[in-house]
1. If I stretch the segment between LYS56 and GLU84 completely, what's the gain in nm (0.36 nm per residue apart, minus their alpha carbon distance), one decimal?
2. Highest mean first, how do 128-138, 26-36, 82-92 rank when packing is the count of other Cβ atoms within 10 Å averaged over residues?
3. Using mean Cβ contacts within 10 Å as the protection proxy, how do 103-115, 145-157 order, highest first?
4. Please report the net charge: other residues with Cβ closer than 14 Å to the Cβ of ALA110, K and R +1, D and E -1.
5. On a C-alpha basis, how far is the centre of segment 15-59 from the centre of segment 84-112 in Å? Whole number, if you could?
6. With each pseudo-label sitting 7 Å past Cα toward Cβ, what's the ASN28-THR130 distance in nm, one decimal?
7. To the nearest 0.05, what FRET efficiency results for ARG69 and THR17 with a Förster distance of 41 Å applied to their C-beta separation?
8. Sum -39500 (n - 2.57) across every DSSP H segment of at least 4 residues in the chain, then divide by the residue count to get the 222 nm mean residue ellipticity, nearest 500.
Amino acid sequence: MSQPETTQNDAPEETNTDKANLEEEKNNKLLNASAEKAIEQYRKLREGSGTDLTDKEIAEIEKQCEIIRNREIITQDVEHKPTEITTKNGEIITGPPTLTRFEKARIMGARALQLSLGAPVFIEIPKNATTSLEIAMEELNQRVIPIVIRRTLPNDDYQNIPIDKFQ
């Protein structure tokens, strides 16, 4: 005679919390293993000199190993939100207090393009100016272009600086 087939699963179903707990336990084991590896490497480095250690040196090594064991392990960085750097009197904190050659080139190129496409001129056109680039250079020298330079730091914090604040 044949055995009747059972359709029920004898093992209880895993819930999401069980899965999360198992994942957290697995991560903790990995972190503990990496901390123990760090301690092992530290011991090898300190004890590997080939000379006998004094009781004081052994106690110091144990103390340092305990410090390593108790360190907080950062597993996830907190995301940094870029913020604007502001000052009370509008001084330039980010970068040099003068326009860099790259900023000048970018401003003059953009302004020359605007002038060549028919934008209004902010100064009286000099008699010796023959191209839109020369007009843009003169506007930049007189600091009449309404533009703001954004200088960004490596952590994405930034400072917006009006062009008339530069020397």
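Laboratory data are not the source of any read-out in this text; all were calculated from the coordinates shown. Predicted, not measured: the structure shown is a model, and the values here were computed from it. Positions of Cβ are generated from backbone atoms using ideal geometry, with glycine treated the same way; all protein chains shown enter the neighbour counts.
1. 4.9 nm
2. Working: 128-138: 15.7, 26-36: 11.7, 82-92: 9.8.
Result, highest mean first: 128-138, 26-36, 82-92.
3. Values: 103-115: 16.2, 145-157: 12.6.
With the highest mean Cβ count within 10 Å placed first, the list reads 103-115, 145-157.
4. Values: positive: LYS104, ARG106, ARG111, ARG150; negative: GLU103, GLU139.
Its environment carries a net charge of +2.
5. 49
6. Going by the 7 Å Cα→Cβ label model, 8.0 nm.
7. On the way: r = 29 Å, r/R0 = 0.71.
Computed FRET efficiency for ARG69 and THR17 comes out at 0.90.
8. On the way: 4 runs with 74 residues, N = 167.
Calculated at 222 nm, the ellipticity per residue is -15000 deg cm²/dmol.
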